[in-house]
1. Given that just one value was derived from the coordinates, which of (i) 153; (ii) 212; (iii) 127 is volume of the Cα convex hull per residue in Å³?
2. Roughly how many percent of the accessible protein surface of the stretch 38-86 is carbon and sulfur, given a 1.4 Å probe and a whole-percent answer?
3. Would the stretch 62-131 count as rounded, prolate or oblate if I go by the C-alpha gyration tensor, calling it rounded below 1.5 in a/c and otherwise prolate when a/b exceeds b/c, oblate otherwise?
4. By the gyration tensor of its Cα atoms, with a ≥ b ≥ c the square roots of the eigenvalues, what is the shape of the stretch 121-219: rounded for a/c under 1.5, prolate for a/b over b/c, or oblate?
5. With the other protein chains left in place, how much accessible area per residue, in square angstrom, belongs to the stretch 90-177 at a 1.4 angstrom probe?
6. May I ask for the net charge around P243, where only other residues with Cβ less than 15 Å from the Cβ of P243 are counted and Lys, Arg are +1 while Asp, Glu are -1?
7. What number, rounded to the nearest 500 deg cm²/dmol, is the helix-based mean residue ellipticity at 222 nm of the chain, given -39500 (n - 2.57) per DSSP H run of at least four residues and division by all its residues?
8. GNM, the chain, Cα, under 10 Å: largest mean-square fluctuation among R275, R85, R216?
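The values are calculated or read from the model by the stated rules, or taken from the named source; none is laboratory data. Quantities reported herein were computed from a predicted structural model and do not represent experimental measurements. Methodologically, a virtual Cβ is constructed for each residue, glycine included, from the backbone with ideal geometry; neighbour enumeration extends over all protein chains shown. Accessible surface is based on the protein model in full, side chains and every heavy atom, while ligands, DNA and RNA are left aside. Shrake-Rupley method; radii C 1.70, N 1.55, O 1.52, S 1.80 Å.
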Amino acid sequence: MTLTAMLLIAASAIAHALWNWLGKRQGSTAVFFFTANLMGWLCLLPVLPFAARALPAMLVSAWRLLLVTGFFQALYYASLASAYRDGDLSMVYPIVRSAAVLFVTLANVVLGRAGELGPLAVAGSFLIVFGILLLPHAGFRGITLRGFRSRGVLFALLAAVGTMGYSIVDDQALRILRPALAPMAPTVTTLLYALLEGASTSLWLGGFIVASAARRSRTSGVAAGSGVPPLQAFRIPPGQLRPALLSGIAIFVAYTLVLIAMGFARNVTYIVAFRQMSIPIGVLLGLAVLGEPLNPPKIVGVLAVTAGLVLVAVG
């Protein structure tokens, strides 16, 4: 991997950790991530002039996959918001990032692709499990499965399920679309797909927000027809609007930089491995900026999941 690719991936990792930090710092709501996602895919609109002719073909070929991946993306954002409301960034972030890769690996085994896993990937998977088991605990003596009953951990794992879902769907969709839309450049195809995926995510996440607002109205005993208006459910406090927009830009930047870096690396596997530096960056933001507690299990857990992810990537 060239120095240029390393710098691009480092910048991408920083951007990814930053938008998660912003989400945690701002109280972490689904509306915050809805606004960030909206800003993220709006940043991709400049790709339309280069891919307008391919848009109808992409919609015909992949509209079902776009709906499915949008659902999983929305599940990811909604679960991430709940996880950050109840758990530390330095715990939730490494769990979501590592458990998602573990779930994708397990899904590949279920789908009959176990032969693609080398011994390093298997060892890395065990390291990830070991690290996740340590992360929610304050000390080594109190490590039990009860530590996973907290909302922060459960929603972090659900967010990882969302990541697994859209990762598998996106891989399948792009395998279909890149040859189908040739000779359009693969990067342009990917960016157009990301734009449509973002729009689909906004629709699903918007539905989640409206449904949640309606449920809260029923729970609080508000009379039918007098609850929160649908548009009111999307209201974001003025102080959170700018951080949400910045998060959206960071989401766009993190994704785009990875695509660019792929053009400077002979082996994409090393890009995947190097991206895992976002985990220690996110953890450091939680510890140093948010003042979250540091304990031995968290140190060992972060090191274990980071090393495990690298092994899975190269193995």
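1. Only one option fits the structure, namely (i).
2. With neighbouring chains kept in place, the figure for the stretch 38-86 is 73 percent.
3. It comes out oblate by the Cα gyration axes.
4. On the way: a/c = 4.38, a/b = 1.39, b/c = 3.15.
Cα axes put the stretch 121-219 in the oblate bin.
5. Counting only protein heavy atoms, the per-residue value for the stretch 90-177 is 49 Å².
6. With Lys, Arg at +1 and Asp, Glu at -1, the net is +3.
7. Value at 222 nm, helices only: -25000 deg cm²/dmol.
8. Ranking R275, R85, R216 by mean-square fluctuation puts R216 first.
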